[in-house]
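Working notes, structure below.
The values are calculated or read from the model by the stated rules, or taken from the named source; none is laboratory data. What you are looking at is a predicted structure, and each value in this text was computed from that prediction instead of being measured. Cβ sites come from the backbone with ideal geometry, for glycine too, and all protein chains shown count toward neighbours.
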Amino acid sequence: MSLPDTLSSIRRIDGGFATTVPEDWMQGRTCYGGFSSALALEAARGLAPDLPPLRSAQVSFVGPLSGEVEVRAKVLRRGRNASWISAEITSDAGVGLTATFVFMGPVDSSLHLHEVPLPAKVVPVEQAKPIPEGRGPGFAGHFNRRFGLPRTDAPEPEIGWWVQLKDREGLDPMVELLLCGDALPPGVLFMMQSAAPISSMTWLVNLLTPLPASRDGWWFLRSAGNYAEKGCSSQDMGIWTADGEAVAVGVQSIALFG
């Protein structure tokens with residue numbers, strides 16, 4: 001069941017909506033983080049029809065989310081240029097996700113800085129080899145995926161894939177981007193000596209464009225681990241269009257149980 005299908009069958013409640021997390025969006029005992037983040041953003045967007053573009057999202061993955069969930073949002077502050085909206089997703093198990101979204105319109109500025117280049121070694125999407133179907137968690141079936149970085153002789157704390165959402169009809173571009181943006185495994189995954197449970201704890205995303213769009217819906221996603229110690233890992237993240245334009249940067253903290 002795609003995200004557009006899920007959103008078409010939501011039940012409106014005070015402050016948001018209720019829905020059921022489809023089994024094919026699960027990742028272990030909780031739902032895929034990009035899916036829950038997209039639900040939270042959809043609830044935030046529904047509070048006002050005149051919100052400026054999303055510029056930042058701060059997401060905390062507090063606990064497992066599955067089955068029937070309630071997604072609520074509230075306005076924290078609306079200023080002349082920026083608006084802050086919080087969102088929360090709960091289930092029978094309690095709070096599973098909290099998020100704060102910052103929406104901001106353009107303002108006059110003399111500063112112009114664009115220092116987020118596409119990594120030089122990226123394989124163009126047209127030449128990238130597909131990742132075999134059936135590999136990875138269950139939610140991976142909602143995406144077309146291709147290897148975006150050349151193979152290396154030794155494991156490195158970096159993963160880069162091309163990702164395309166199969167069913168994105170009618171989705172808000174920012175909702176689609178959040179849905180896709182967490183689709184990579186942690187950058188340190190292939191450096192781990194054995195398989196072990198992994199859980200995202202927090203995710204900060206800064207948007208670099210007010211209206212993300214990419215050729216044929218393909219995004220290059222990169223996760224690069226820069227720290228792993230005592231079960232905690234930190235990684236830098238980036239998202240680029242098929243033509244190499246940076247649309248988002250982020251940081252994520254991950255728990256490694258092994």
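Okay, here's what the table says:
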item: Search result, residues across segment 1-45 that are under 19 Å from the mean Cα position of the chain (by Cα), without any contact (Cβ under 8 Å) to a residue 40 or more places away in the chain, under 20 Å from GLU169 (Cα atoms) and not in a helix (DSSP H, G or I); result: MET1, PRO22
item: Verdict on VAL125 being closer than 19 Å to ARG222 by Cβ and crowded, with 17+ Cβ neighbours inside 10 Å; result: yes
item: ARG215 in contact (Cβ under 8 Å) with a residue 12 or more places away in the chain, among the charged types (D, E, K, R) and either surrounded by 14 or more Cβ atoms within 10 Å (Cβ to Cβ) or under 18 Å from GLU156 (Cα atoms) (or both); result: no
item: Given (1) within 16 Å of the chain's Cα centre (by Cα); (2) more than 18 Å from SER37 (Cα to Cα), index of the condition GLY181 fails; result: (2)
item: Subset of segment 78-102 (residues that are outside any strand (DSSP E or B) and without any contact (Cβ under 8 Å) to a residue 24 or more places away in the chain); result: GLY79, ARG80
item: One residue from GLY134, GLY138, GLY79 being at positive phi and modelled with pLDDT under 95; result: GLY134
item: Selection within segment 112-152 - touching a Lys or Arg at 6+ places or on another chain (Cβ under 9 Å) and of a type in the set (Gly, Ala, Ser); result: ALA128, GLY136, GLY141, GLY148
item: Residue in segment 100-115 that is touching an Asp or Glu at 6+ places or on another chain (Cβ under 9 Å), within 30 Å of ASP50 (Cα to Cα) and hydroxyl-bearing (Ser, Thr, Tyr) present; result: no
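Matching residues to (1) touching a residue at least 60 places away in the same chain (Cβ under 8 Å); (2) assigned to a loop (DSSP other than H, G, I, E, B):
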| position | (1), (2) |
| --- | --- |
| ARG55 | yes, no |
| VAL59 | yes, no |
| PRO64 | no, yes |
| LEU76 | no, no |
| PRO117 | yes, yes |
| GLY134 | no, yes |
